[in-house]
Every structure is written in C-alpha cells, then in structure tokens.
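J.: Here you go, one structure.
The values are calculated or read from the model by the stated rules, or taken from the named source; none is laboratory data. Quick caveat, the model's predicted, so the values are computed rather than measured. Here the Cβ positions follow ideal geometry from the backbone for every residue, glycine too, while neighbour counts run over all protein chains shown. Just the protein is used for accessible areas: all its heavy atoms, side chains included, with ligands, DNA and RNA removed. Shrake-Rupley method; radii C 1.70, N 1.55, O 1.52, S 1.80 Å.
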Amino acid sequence: MNTNEKIGRYLGIDIGTTSLKAAVFDAEGNRLGLKTVDYTLDTNQENGQIEFCADEYITMCKKVIDELEAECGKIDALSVDTQGETLILADAEGNALCPAVVWLDNRAVDEAEAIKAEFGCKRVYEVTGQPEITAGWPASKLLWFKNNKPEIFAKTEKIFMLEDWVMYKLCGNYVTEPTIQSSTIYYDITKGAWWGEMLDFIGVDAAKLPRIAGSCEVVGEYKGIKVVTGSLDQIAGTIGAGVTDKSKISEMTGTIMAICVMSDTIPPFNPDSIIPCHVHAIDGKYCLILWSSTAGMALKWFKNNFAENYTFPELDKIAEKVSAGCDGLTMLPYFCGSTMPKYNPDATATFSGINLSHTRAHFARAIMEAVAFTLKQNLEYVGSDDIKEIRITGGGASSKLWAQIKADVTGKCLRTVSEAETACLGSAILAAVGAGAFSSVSEAADSIIKGKAEFKPSGVSYDEAYERYCKLDKLLN
C-alpha cells in the first residue's frame, strides 16, 4: 500500500432482516464511524407474506452514507452485504412493482413443491449447492408471482436480490455477484452462470437478470464514492472475522449458532444433510454455512426462568466452579428442533442424569457444554483436520468460560476479534480491495483484522461427557 492508500476510508453497509448497520473504516481497520437503523417488516400471519418497502432500503442507505461522510470525511469506496433471498421485481426503468419479498416470506409453498417434483433435491444441490427446496428461494417466489400475480410478472423486466437493488439505485448499473445468487436456485455455482433449465421452468428470461460480476469489482459511483460488489451477509461476517483460508472458521453464538467453513470444492450430495454450499467472495472458494437454531437462546431461557436475579457474568462465575462434564448432567439444546448436522424439527430440549447434587450452576454449565458439543458435532461432520483456529463472534464470545469450554471440547484454538461489527468490516474490506488499496481479500484481512483474546485447549477432557451427549442425542433425536 502506498501512503495515499493508507489514508483511504471504506464503508461497509450490512443490511440484516430488521436492521441496517453502516460503518466506515480506514485502511488500518480503525472504525471511524457507525450508524444503525432499525425497521419493522410488514407481516401477514394469515398468508405467510412478509414484505418491506423496496425504496425504503435505498432511503436508509443514502441517509447513512451522507451522515457518515459528513462525520468521517470523504469515503473512497463502499460495499454492501445483505440477507439472502429477498426478492425485488421492477419494470424496465428499475421502478419496484411491489414491496420487497423478504427471505422469511412463506407464500410459495406450492411452488417449491412443484420445483421439487420437477428437479428433485439431488439435482438442485448438484447445480446450485442448495440441499433443500423451500418457499423462501427466489425461484419459488418467482413461480408464485407467475401463478398468482400475472399482471406483476408480465411487467417485470428486472429481477433483483437486495444487494443488487442497492447497488443499482446507488450507481445505476444492473449487476450482481455469485454469493448472493447462490440461494436463488437458478444460479449454477459449478459454471458461474444462470441455470437455463430452472429459468425455463419458472418462466424467466435470463435477459431480465443482472450481469454477473465477482465480489470486489467496482461497478460504478455514488456521489464520487466507488460502488464495489459485496457479498452475502454471512460471508461478509466471516471475512470481517479474519477467515480467509481453510485453516480458520468463524463461529457466532448469538440467539442461534452460525458456523462458516471455507471449502475448495462442493461436497457430494448427502440426502440426510441440509448444509448449503455457497460461492465464496474469494475467487475459486466455497462456503459451507451451518447453524443450530438454539444457542445463546437456551442460556437466555434458563436465566429468564430459573436465574432471574443473575446477570450472565454472574452465571459464568457460578458455572465455572462446576467440574467439566457437570457431574453427569447432560443437556440437549433443541428448543427449536435440531438442524445440523442432524435435521429433526420435532426434536426437543432435554436434561438427563439429574440427581440431588445438581445445582443452578450445573444447569447453566450444562447448557454451555451442550452448545459446545453441537459445535464439535458439526466440525466432525464437515471434517476438521485442516481447522487450526476458530474465530468467535456474537454475544457468546463475551463469556470467557464458554469460549474456554469450546476450546477444550473441540481441541481447537479460539480467538475473538477486536471489531464487533464484523459484517460491516468484511464489506469494507471488499470495498478496499475493489478500490485497489489491497491486492486481495486475504492480504487486507491479514493487515486489518486485530485479534483480541485467545483461548487454547487447557487439557481438560470432555471425552466422557461428549460420549454421553452423543448417546443421548442418538437415543432421543
């Protein structure tokens, strides 16, 4: 990097389901400013429709860009990461024809079944990397519009994912990138092109879809700021945590647990797996995205119902006094069913092995251990030999006890990072690479991202406790 590039400012915009965050960073990774905007989706419980005003996304983006530039100084480049699967239909001039159909929208159940009957899960996975065919996929939603709103479908000339929509409205160019298209199920991740057979089935002309670029490509300008292609929010978050090769993975323990694993290849189809494979923002790589539907939620449930007068740090303090394995107490954390590596929506949470010696502290620690065991199961499923380090984020990363339990259970080194807004930082890194400040995402991440705390395996053995957990899981799940 030359001297001029070192003083650059790069904006990462992270658009989640109900909030937008935008942060400016310099080329050394120092955060110069942060804005957060919360918003409420329009939800119809009767028909499963979940929408949001498409133009409001743009209003929010432009507002935070202007505010941050006024606060932080001239911004050199920006990039956007967004939720996947949120669909926006527009006319030839790029005017939205209806509200954005949010990824949670469940209107297209019948259409998903029709696609499944035509192609089957194996074929869809081998082309798109998506092992399930659900109502949430844009292909299902487009077929729903064709069947149920033919007047809108007939006027549709441009089909956007949310990231595409923001870039188009900022710079006027109709362009997309592969990470956000991976879960449309009409993008072929093996060929890097639109999947003609699927488009023919749902009745969409490929000419109505954006030009496909790679991540980190400058596609235009907004008020003199370079607009650079970004990525899916999960991938931006893993980049912002410093995960740019197979030796590291990212793990986020919030309400749920999300794990992102880099891969050189698309894993073979497994009919028992629902783990999706996305194109990665780093050229030639893929990203496996795994999650458990309850993680921090389980500990919060316990605190709210059985430890109301305790803070989370106070629960840590008492749980720390309990020996590893919780003196025989074992917990399955399936408050919302089991997702990965074993999919069973009917699974429920369980405590087993309770005796009169067990206290509140045992139950708190058992929950932490159960989440760590879930992490270990997922790593065993995807293969963990290459993994040397786990970058941890989310609220769970603030618990030193929980981080140490995970390190001891997995046998891996865990590390927190100094920047909490990892998705914004990941997008800012893509912007900086696109603007030429760095030669690659890996170079930028290695230069910018700062580690915080490190947790190494202490030698405490969880072998017996993990064996109990796996036996109970096999018996009840």
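J.: Could you look through segment 336-362, keep only residues that are under 20 Å from residue 301 (Cα atoms), open to solvent by 70 Å² or more (accessible area, probe 1.4 Å) and of a type outside the set (Val, Ile, Thr), and pick out the one that is nearest to the chain's Cα centre (by Cα)?
T.: Residue satisfying both the conditions and the ranking: 336.
J.: A further question on this structure: Look at residue 281 and say whether it is touching a Pro at 6+ places or on another chain (Cβ under 8 Å), of a type in the set (A, V, I, L, M) and either more than 27 Å from residue 413 (Cβ to Cβ) or surrounded by 23 or more Cβ atoms within 10 Å (Cβ to Cβ) (or both).
T.: no
J.: Answer yes if at least one residue in segment 119-141 is open to solvent by 20 Å² or more (accessible area, probe 1.4 Å), acidic (Asp, Glu) and over 23 Å from residue 280 (Cβ atoms), and no otherwise.
T.: no
J.: Mind checking which residues of segment 405-450 are among the β-branched types (Val, Ile, Thr), closer than 15 Å to residue 10 by Cα and not in a helix (DSSP H, G or I)?
T.: Residues of segment 405-450 among the β-branched types (Val, Ile, Thr): 405, 409-410, 416-417, 422, 429, 433, 441, 448-449.
Right, trim to closer than 15 Å to residue 10 by Cα and you get 422, 429, 433, 441, 448-449.
Passing the criteria: only 449.
J.: A further question on this structure: Considering only residues that are part of a helix (DSSP H, G or I) and not hydrophobic (A, V, I, L, M, F, W, C), which ones fall in segment 352-369?
T.: Answer for segment 352-369, where residues must be part of a helix (DSSP H, G or I) and not hydrophobic (A, V, I, L, M, F, W, C): 360, 362, 365, 369.
J.: Out of contact with any strand residue (DSSP E or B) (no Cβ under 8 Å at 6 or more places or on another chain), open to solvent by 50 Å² or more (accessible area, probe 1.4 Å) and of a type outside the set (Lys, Arg): is that true of residue 264 in this structure?
T.: Here the answer is no, as residue 264 does not meet what is asked.
J.: Identify, from the list 187, 168, the residue that is surrounded by 24 or more Cβ atoms within 10 Å (Cβ to Cβ), touching a strand residue (DSSP E or B) at 6+ places or on another chain (Cβ under 8 Å) and of a type outside the set (Lys, Arg).
T.: Matching residue, one of 187, 168: 187.
J.: Of all residues in segment 297-337 being part of a loop (DSSP other than H, G, I, E, B) and β-branched (Val, Ile, Thr), which is nearest to residue 361 (Cα to Cα)?
T.: 322
J.: Moving on to the next point. Return the pairs, sorted by first residue and then second, in which the second residue is polar (S, T, N, Q), the first residue lies in segment 81-96 and is in a loop (DSSP other than H, G, I, E, B), the beta carbons are less than 6 Å apart, and the residues are 6+ apart or on different chains.
T.: Taking only residues 6 or more apart or on different chains, the pairs are 83/17; 84/183; 85/183.
J.: Any residue in segment 45-63 that's more than 16 Å from residue 167 (Cβ to Cβ): show its pairings with residues that are of a type in the set (Asp, Glu) at Cβ separation under 6 Å, as long as the two are six or more apart or on different chains.
T.: Between residues of segment 45-63 that are more than 16 Å from residue 167 (Cβ to Cβ) and residues that are of a type in the set (Asp, Glu), the close pairs are 49/105; 50/105; 51/42.
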